[in-house]
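Accompanying notes for the structure given below.
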Amino acid sequence: MTPNENRGDHLRAESVSKDGPDPKATAAVPQRIDCTPENVEQGLAKLVLSLIELLRQLLERQAIRRMQGGSISDEKVEEMGEALMKLEAKIHELAAQFGLSPSDLNLDLGPLGHLLDNNSQQATTPSSSES
């Protein structure tokens, strides 16, 4: 037996006991996974765009810290601000192409909370800027 086969047996042993499948394990996993090309594409887009949005927010915070610290010129502040605004607009454009809203990009990480900061997420949704 290869190490991979042993690992698979171990996983099966955890989820299925002599009394049948573990109810906790089966409750957490959907009975049927609907895996169509459209769902896979949208799921991948959601993951990639969520990570890009996280990086954009981190870059924005770093730029603000540098600006407040006076370590960059006014010209550089303008360039970075414009680049970050263009990136945010592109993220929203791509999300819309895949039928995703900005709030869809805030992945739920279970006990860790959500991927993105709630305050910045509310500020980037179009409905909050229109009202």
If amide H atoms are modeled at 1.01 Å from N in the peptide plane, then the residues at a separation of 5 or more from His114, or on another chain, having amide H under 5 Å from its own are Leu109
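What does the extension gain come out to for Leu109 and Ser71, with contour length at 0.36 nm per residue minus their alpha carbon separation? Could the numbers behind the result be given before it?
Working: separation 38, 0.36 × 38 = 13.68 nm, distance 3.51 nm.
Difference between extended and current length: 10.2 nm.
Read-outs: derived from the displayed coordinates by stated rules, not from any lab. Nothing here was measured: the structure is a model prediction, and the numbers come from that model.
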